[in-house]
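Values quoted throughout were computed directly from the atomic coordinates according to the rules given, and no laboratory measurement underlies them. From a predicted model like this one, the values you see are computed outputs, not experimental measurements. Methodologically, a virtual Cβ is constructed for each residue, glycine included, from the backbone with ideal geometry; neighbour enumeration extends over all protein chains shown.
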Amino acid sequence: MNKQKLLSDAKKILKENWRTTNTVPSAKLYPHQWNWDSGFIAIAYSNFDQKKGQTELLSLFQGQWKNGMLPHIIFRARSDYFPNEKFWQSKISKDAPELETSGITQPPMQAIAAWHIYENAKNKTEAKKFLEIIYPKIIKFHEFLLNQRDPEKTGLVTIFHPWESGLDNSIRWDSALRKVKPKNLPNYKRTDNKKVDSSQRPSDDDYDKYVYISQILKKYNYDNKKAYKHVPFRIKDIIFNTILIEANYALLRIAKVLKQNPKKINTWIKKSEKSYHKYFFEDGFYYDYDLISKKRIKIKTIASLIPLYLTHVKNKEAKKIFENIDKSFSCQQCTVHFKLATSLNVSDKNFNPMKYWRGPIWLNVNWLLYEGLKKHKMYYEARELKHAMLDLVNKSGFYEYFNPNTGQGIGIKDFSWSAAMIIDLILEKRERF
Ligand code: 2M8
């Protein structure tokens, strides 16, 4: 494998997807700024372009709402993407910012990315200035999440929409969505399924439900308190909350650099960690918790593996979680054995190697597992996973997701976070093998 060529191809993709202050996930399919994508992308920049990394993250906060929410999309350009700014109508909320945004959020990668920027910075003075600006904004976002999005007062965030999970049509949401019965839907036209083979994208039924849940949030002008009882999708999501806890650990490190009082952050971490096991753990596995049915969603998906990324999980427990990748996630019958975690356990009857978050391999979540393996000192396994990711992209290109049976790249090509993860894997200085 020619790593230098892979690296320069990856950088070229980020360069082509750069738009003045931020990077779009894909020029064709996702031509705006996305919340957690910008986090992964900023991590890549932290390795070779400190300034761009800082700008990427700061530009995201231009879309921050007055109540602290960081929206999942900031609309900066005209495009035919659906749902667009006219659909979201963010201005119906008293908290909306000047920029046009969506009305929901996504997993909070920003503190983690900001810490990568500081850690990798050539110019530490600049990086510290950047931390000074971004720290209160991130605190405000986490405050929003832990105050307004945790009415159950558990220390764990409740997501209101499958899009907030980032794993939109994951099979984890099927049982909750089955009970959602859309009515009075507005006329809308999907464009995503014209740009990518429609059989790979979420179904029209899924989209009706996504639109319907958004309509309910709009009905209450995005007032979380008022919408809470009416929104038909309320989930304690493992991936979202795992990222939040680790983001709070990153905030602690930032607070130390800035000599800020860490008391509030410590309290958040303690509370979240206390509830984590209680809500998510059953029969040796981690599952999301559905607040409406009051049950865990007992399907083994990539989400069950993500606790590996947690600092507070013991090394022994992390080992057990990782063994499951080998047992049920990486594809045993595949023509190419990539040993990467699939988005759904391969023996599930609904496993589909081609359909969006219902089977294919995604690089961002595998990168989280890779970071988790290092945290828990499983360096050999981490190295294997890293090489599998590099190998896959080297053979198949910078696609959005990959068929685990063949390694074929699917979804959109020249996808920013796939390029970003490869850049970080090649350039990271954190490797301690
Ligand atoms: C996908 O989600 C968007 C909606 O937010 C879509 O399908 O239109 C997801 O993979 C999500 O995690 C990601 O942030 C977004 C942009 O890459 O695309």
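Some observations on this one:
- For region 356-433, the relative contact order is 32 percent, taking Cα pairs closer than 8 Å that sit 6 or more residues apart in sequence and dividing their mean separation by the residue count.
- Annotated for region 272-320: lysine pairs at least 8 residues apart or interchain, Cα distance under 24 Å, count 25.
- Spatially near lysine pairs across region 45-96, Cα under 23 Å, sequence gap of 8 or more or different chains: 4
- Local electrostatic count, residue 159, Cβ distance below 10 Å [Lys/Arg +1, Asp/Glu -1]: 0
- Net charge of the neighbourhood of residue 294, taken over other residues with C-beta under 12 Å away and scored Lys/Arg +1, Asp/Glu -1, is +2.
- Fully extending the segment from residue 319 to residue 298 would add 5.5 nm, taking 0.36 nm per residue of separation and subtracting the current Cα-Cα distance.
- For region 10-148, a/c is not less than 1.5, where a ≥ b ≥ c are the root eigenvalues of the C-alpha gyration tensor, and a/b does not top b/c. That puts it in the oblate class.
- Amide H to amide H distances under 5 Å link residue 33 with 74, 76, where only residues 5 or more positions off or on other chains count and H is placed in the peptide plane.
- Evaluated on region 238-343, the Kirkwood hydrodynamic radius is 15.4 Å, with distances taken between all distinct Cα atoms.
- Two-decimal Rg/Rh across region 67-190, once Rg and the Kirkwood Rh are taken from alpha-carbon atoms: 1.02
- Cα centroid separation, region 313-389 to region 57-100: 34 Å.
- Aspartates and glutamates whose Cα lies under 17 Å from that of residue 256, excluding same-chain neighbours fewer than 8 positions away: 119, 126, 132, 246
- Remark: region 337-433 projects, on average over all directions, an area of 5.9 nm² (convex hull of Cα atoms).
- Only alpha carbons enter this Debye calculation for region 1-82, each as an equal point scatterer, and the log10 of I(q)/I(0) it gives at q = 0.14, 0.19 Å⁻¹ is -0.48, -0.82.
- With K and R counted +1 and D and E -1, the other residues having a Cβ less than 12 Å from that of residue 181 yield a net charge of +2.
- Computed from label points 7 Å out along Cα-Cβ, the spacing between residue 311 and residue 394 is 3.4 nm.
- Aspartates and glutamates with Cα under 14 Å of residue 183, excluding same-chain neighbours fewer than 8 positions away: 205, 206, 208
- Cα shape, region 284-363, gyration tensor, a/c 1.5 rule: oblate
- Highest-first packing order for the peptide set 37-47, 148-158 is 37-47, 148-158, based on the mean count of other beta carbon atoms within 10 Å.
- Note that region 172-183 has calculated 3J(HN,Hα) couplings of 4, 8, 4, 5, 5, 6, 4, 8, 8, 10, x, 9 Hz, one per residue in order, obtained from phi through the Karplus relation 6.51 cos²θ - 1.76 cosθ + 1.60 (θ = phi - 60°); glycine and proline are x.
- Prolate/oblate/rounded call for region 85-124, Cα gyration tensor, a/c under 1.5 rounded: prolate
- For region 94-106, putting each phi into the Karplus relation 6.51 cos²θ - 1.76 cosθ + 1.60 with θ = phi - 60° gives couplings of 5, 8, 5, x, 5, 5, 7, 9, 7, x, 10, 10, 8 Hz, in residue order, rounded to whole numbers and with x for Gly and Pro.
- Computed from backbone phi, the HN-Hα couplings of region 22-29 come to 7, 10, 7, x, 7, 4, 8, 8 Hz, rounded to whole numbers (Karplus: 6.51 cos²θ - 1.76 cosθ + 1.60, θ = phi - 60°; Gly and Pro given as x).
- The loop-placed trypsin sites (Lys or Arg not before Pro) in region 343-433, going by DSSP, that have at most 14 neighbouring Cβ atoms within 10 Å of their Cβ come out as 349, 377, 429, 430, 432.
- Using a cutoff of 8 angstrom between alpha carbon atoms and counting only pairs six or more residues apart, the relative contact order for the chain works out to 17 percent.
- More than 41 Å apart - percent of Cα-Cα pairs taken over the chain: 7
- For residue 410, the residues whose amide H sits under 5 Å from its own are 400, 401, 402, 403, ignoring neighbours fewer than 5 places away on the same chain, with H placed 1.01 Å from N.
- With R₀ fixed at 35 Å, the C-beta to C-beta distance from residue 12 to residue 349 puts the FRET efficiency at about 0.30.
- Note on residue 27 and residue 181: the extension gain reaches 52.1 nm, defined as 0.36 nm multiplied by sequence separation minus the Cα-Cα distance.
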